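The structure appears right after this line, and notes come after that.
The values are calculated or read from the model by the stated rules, or taken from the named source; none is laboratory data. Worth saying up front: this structure is predicted, and the values here are computed from it rather than measured. Here the Cβ is made from the backbone with ideal geometry for all residues, glycine too, and neighbour counts use every protein chain on show.
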Amino acid sequence: MTTGDLESQCAAELRELARQYCDGVFNKGEYRRRRREILLRCVGQDFDPLPPQDEEDDMQDDPPARPAQPRDWLPHIMVGVTLMVAAMMGYLIYSLS
C-alpha cells in the first residue's frame, strides 16, 4: 500500500534519477530499469514485463527527420518582376527628359 511518506520518498528518488539521466550518468535502458524498480517499490505490485530491448535500439533513438519542404518561389519571382518594372519605369522617365 502506498503511503504519503513512501510516495514523497519515491518522488524524490525519481527526480534524482531524472537529473542523473539528463546529466548523462547512464543510458536510456539503465534509466528505464531503475525507474521501474522505484515505481515497483512505490506501488508494491508487479506490472506486465516489458519485452527485451537491444542496447543498440536505445542508443539509436534519433528524432524523425522532417520531410523536405518544396521551396516557394512565388515571392522571389514577384520581387524580381517588381524590380524589373521599377527599372523599366526609371529608364522610360530618363528617356523622356
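Looking across the range 1-15, the residues that are surrounded by fewer than 12 Cβ atoms within 10 Å (Cβ to Cβ) and at pLDDT 90 or above come down to A12, R15. Residues in the range 32-75 that are farther than 21 Å from E16 by Cα, surrounded by 10 or more Cβ atoms within 10 Å (Cβ to Cβ) and at pLDDT 60 or above: Q53 only.
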